[in-house]
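The values are calculated or read from the model by the stated rules, or taken from the named source; none is laboratory data. Remember, it's a predicted structure, so these values are computed and weren't measured experimentally. Glycine also receives a Cβ, built like all others from the backbone with ideal geometry; neighbour counts cover every protein chain displayed. Surface accessibility is based on the protein's heavy atoms, side chains included, excluding ligands, DNA and RNA. Shrake-Rupley method; radii C 1.70, N 1.55, O 1.52, S 1.80 Å.
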Amino acid sequence: TMSIFKKLFGGSEKSENKKLDLEKLLSSDDTNGSIIELDNFIGELCSYGDEMDKLTEEQKLFYYNQCLEREINNGGFNQYFFNSSGDFAHKTIQSLQTIGANKTADILQKAIDQFPNSNVPEDRTERQEILEQIEETADVVWEDLDQKFFSYEDDLNTLNIEFVRKNKDKF
(Lines give C-alpha, C1' and ligand atoms only; values in the text may rest on other atoms or scores of the structure.)
Protein backbone atom coordinates (compact mmCIF):
# COMPACT_ATOMS: atom_id res chain seq x y z
CA THR A 1 0.00 0.00 0.00
CA MET A 2 2.92 2.35 0.64
CA SER A 3 3.74 2.71 -3.06
CA ILE A 4 0.12 3.56 -3.86
CA PHE A 5 0.22 6.08 -1.05
CA LYS A 6 3.42 7.52 -2.46
CA LYS A 7 1.89 7.75 -5.92
CA LEU A 8 -1.18 9.48 -4.55
CA PHE A 9 0.59 11.86 -2.21
CA GLY A 10 3.93 12.35 -3.90
CA GLY A 11 5.95 10.37 -1.34
CA SER A 12 9.43 11.29 -0.21
CA GLU A 13 11.27 11.24 -3.53
CA LYS A 14 10.15 14.75 -4.36
CA SER A 15 11.20 16.21 -1.02
CA GLU A 16 14.56 14.41 -1.01
CA ASN A 17 15.38 15.97 -4.36
CA LYS A 18 14.45 19.35 -2.95
CA LYS A 19 16.62 18.69 0.08
CA LEU A 20 19.64 18.20 -2.16
CA ASP A 21 19.03 21.68 -3.56
CA LEU A 22 19.89 23.30 -0.23
CA GLU A 23 23.39 24.21 -1.40
CA LYS A 24 21.91 25.77 -4.52
CA LEU A 25 19.36 27.70 -2.48
CA LEU A 26 22.02 28.95 -0.08
CA SER A 27 24.32 30.10 -2.84
CA SER A 28 21.56 31.77 -4.88
CA ASP A 29 21.49 35.57 -5.19
CA ASP A 30 17.70 35.39 -4.97
CA THR A 31 17.47 35.15 -1.18
CA ASN A 32 13.73 35.75 -1.23
CA GLY A 33 13.19 32.96 -3.76
CA SER A 34 15.33 30.60 -1.69
CA ILE A 35 13.36 31.38 1.44
CA ILE A 36 10.03 30.80 -0.32
CA GLU A 37 11.26 27.45 -1.65
CA LEU A 38 12.51 26.41 1.79
CA ASP A 39 9.26 27.58 3.38
CA ASN A 40 7.23 25.48 0.92
CA PHE A 41 9.46 22.47 1.56
CA ILE A 42 9.13 22.75 5.36
CA GLY A 43 5.42 23.54 5.10
CA GLU A 44 4.84 20.30 3.21
CA LEU A 45 7.04 18.41 5.64
CA CYS A 46 4.91 19.41 8.67
CA SER A 47 1.55 19.46 6.85
CA TYR A 48 1.50 23.23 7.27
CA GLY A 49 1.73 23.21 11.04
CA ASP A 50 -0.39 20.15 11.79
CA GLU A 51 2.58 17.81 12.31
CA MET A 52 5.26 19.96 13.87
CA ASP A 53 6.91 16.91 15.44
CA LYS A 54 8.17 15.99 11.97
CA LEU A 55 10.49 19.01 12.00
CA THR A 56 13.89 19.57 13.59
CA GLU A 57 14.05 22.40 16.15
CA GLU A 58 15.83 24.52 13.55
CA GLN A 59 13.15 23.87 10.92
CA LYS A 60 10.49 24.83 13.47
CA LEU A 61 12.19 28.16 14.14
CA PHE A 62 12.40 28.88 10.44
CA TYR A 63 8.74 27.89 9.99
CA TYR A 64 7.53 30.12 12.86
CA ASN A 65 9.34 33.11 11.37
CA GLN A 66 7.87 32.48 7.93
CA CYS A 67 4.34 32.07 9.31
CA LEU A 68 4.65 35.46 10.94
CA GLU A 69 5.93 37.14 7.82
CA ARG A 70 3.43 35.44 5.51
CA GLU A 71 0.43 36.42 7.64
CA ILE A 72 1.52 39.98 8.41
CA ASN A 73 2.10 40.59 4.71
CA ASN A 74 -1.31 39.14 3.90
CA GLY A 75 -3.50 40.68 6.57
CA GLY A 76 -1.52 42.09 9.44
CA PHE A 77 -1.42 41.03 13.06
CA ASN A 78 -5.18 40.48 13.25
CA GLN A 79 -4.91 37.78 10.57
CA TYR A 80 -1.77 36.35 12.18
CA PHE A 81 -3.57 35.78 15.49
CA PHE A 82 -6.83 34.68 13.86
CA ASN A 83 -5.20 31.95 11.76
CA SER A 84 -3.37 28.84 12.94
CA SER A 85 -0.09 30.80 12.81
CA GLY A 86 -1.21 32.44 16.07
CA ASP A 87 -0.69 29.07 17.78
CA PHE A 88 3.03 29.82 17.60
CA ALA A 89 2.97 33.48 18.73
CA HIS A 90 5.00 32.98 21.92
CA LYS A 91 7.42 30.53 20.29
CA THR A 92 7.94 33.03 17.48
CA ILE A 93 9.32 35.63 19.92
CA GLN A 94 12.07 33.10 20.66
CA SER A 95 12.61 32.09 17.05
CA LEU A 96 13.04 35.75 16.04
CA GLN A 97 15.51 36.34 18.88
CA THR A 98 17.41 33.21 17.89
CA ILE A 99 18.12 34.56 14.39
CA GLY A 100 18.91 38.03 15.78
CA ALA A 101 15.69 39.77 14.70
CA ASN A 102 15.25 41.52 18.05
CA LYS A 103 13.41 44.58 16.72
CA THR A 104 10.86 42.32 15.04
CA ALA A 105 10.56 40.28 18.25
CA ASP A 106 9.79 43.53 20.11
CA ILE A 107 7.07 44.40 17.58
CA LEU A 108 5.51 40.95 17.98
CA GLN A 109 5.70 41.26 21.78
CA LYS A 110 3.78 44.56 21.63
CA ALA A 111 1.17 42.85 19.44
CA ILE A 112 0.92 39.98 21.94
CA ASP A 113 0.56 42.51 24.78
CA GLN A 114 -2.91 43.39 23.44
CA PHE A 115 -4.12 40.03 24.77
CA PRO A 116 -5.19 39.78 28.43
CA ASN A 117 -2.07 39.11 30.55
CA SER A 118 -0.06 39.15 27.28
CA ASN A 119 -1.14 35.55 26.82
CA VAL A 120 -2.03 34.26 23.35
CA PRO A 121 -3.81 30.91 23.74
CA GLU A 122 -2.38 28.12 21.58
CA ASP A 123 -5.91 26.85 21.15
CA ARG A 124 -7.28 28.55 18.06
CA THR A 125 -10.96 28.57 19.08
CA GLU A 126 -10.15 30.06 22.46
CA ARG A 127 -7.86 32.61 20.80
CA GLN A 128 -10.54 33.64 18.29
CA GLU A 129 -13.07 34.18 21.09
CA ILE A 130 -10.63 36.53 22.83
CA LEU A 131 -9.89 38.23 19.50
CA GLU A 132 -13.56 39.12 19.13
CA GLN A 133 -13.50 40.81 22.53
CA ILE A 134 -10.26 42.75 22.06
CA GLU A 135 -9.94 43.46 18.36
CA GLU A 136 -11.76 46.79 18.37
CA THR A 137 -9.09 48.38 20.55
CA ALA A 138 -6.28 46.00 19.58
CA ASP A 139 -6.65 46.69 15.85
CA VAL A 140 -5.65 50.32 16.37
CA VAL A 141 -2.39 49.18 17.94
CA TRP A 142 -1.90 46.31 15.49
CA GLU A 143 -2.29 48.53 12.44
CA ASP A 144 0.48 50.74 13.78
CA LEU A 145 2.62 47.65 14.47
CA ASP A 146 1.91 46.31 10.96
CA GLN A 147 3.52 49.48 9.59
CA LYS A 148 6.50 49.10 11.93
CA PHE A 149 6.86 45.51 10.78
CA PHE A 150 6.83 46.59 7.12
CA SER A 151 9.72 48.96 7.71
CA TYR A 152 11.89 45.81 8.15
CA GLU A 153 14.40 47.24 10.60
CA ASP A 154 15.65 43.65 10.80
CA ASP A 155 16.64 42.21 7.44
CA LEU A 156 14.56 39.07 7.96
CA ASN A 157 15.49 37.41 4.67
CA THR A 158 19.22 37.69 5.36
CA LEU A 159 18.86 36.71 9.03
CA ASN A 160 16.73 33.67 8.13
CA ILE A 161 19.03 32.46 5.36
CA GLU A 162 22.10 32.95 7.60
CA PHE A 163 20.38 30.85 10.26
CA VAL A 164 19.76 28.09 7.69
CA ARG A 165 23.37 28.35 6.49
CA LYS A 166 24.69 27.97 10.06
CA ASN A 167 22.44 24.95 10.67
CA LYS A 168 22.56 23.32 7.21
CA ASP A 169 22.71 19.79 8.59
CA LYS A 170 19.36 20.32 10.37
CA PHE A 171 17.54 21.24 7.15
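Scanning the stretch 122-171 for residues that are within 15 Å of A111 (Cα to Cα) and under 17 Å from the mean Cα position of the chain (by Cα) gives D146, F149, F150. As for the stretch 106-114, it holds no residue that is in a helix (DSSP H, G or I), modelled with pLDDT of 95 or more and more than 12 Å from L145 (Cβ to Cβ).
Can you tell me which residues in the stretch 89-105 are touching a helix residue (DSSP H, G or I) at 6+ places or on another chain (Cβ under 6 Å) and assigned to a helix (DSSP H, G or I)? Once the filter is applied, which keeps residues that are touching a helix residue (DSSP H, G or I) at 6+ places or on another chain (Cβ under 6 Å) and assigned to a helix (DSSP H, G or I), the stretch 89-105 yields A89, K91, T92, I93, S95, L96, Q97, T98, I99, T104, A105.
May I ask you to verify whether Q59 is at pLDDT 95 or above, out of contact with any Leu (no Cβ under 8 Å at 6 or more places or on another chain) and either within 21 Å of D169 (Cβ to Cβ) or not hydrophobic (A, V, I, L, M, F, W, C) (or both)?
no
Here V120 fulfils each of the conditions (1) in a loop (DSSP other than H, G, I, E, B); (2) among the hydrophobic types (A, V, I, L, M, F, W, C); (3) in contact (Cβ under 8 Å) with a residue 60 or more places away in the chain apart from (3).
If only residues of the stretch 94-117 that are touching a residue at least 40 places away in the same chain (Cβ under 8 Å) and open to solvent by 40 Å² or more (accessible area, probe 1.4 Å) are counted, the one that is nearest to E135 (Cα to Cα) is K103. Of everything listed in (1) assigned to a helix (DSSP H, G or I); (2) touching a residue at least 12 places away in the same chain (Cβ under 8 Å); (3) polar (S, T, N, Q), the single unmet condition for Q147 is (2). In the stretch 30-76, the residue that is most open to solvent (accessible area, probe 1.4 Å) out of those that are among the acidic types (D, E) and not in a helix (DSSP H, G or I) is D50. With the requirement that a residue be among the polar types (S, T, N, Q) and open to solvent by 50 Å² or more (accessible area, probe 1.4 Å), what does the stretch 150-171 give you? Passing the criteria: S151, T158.
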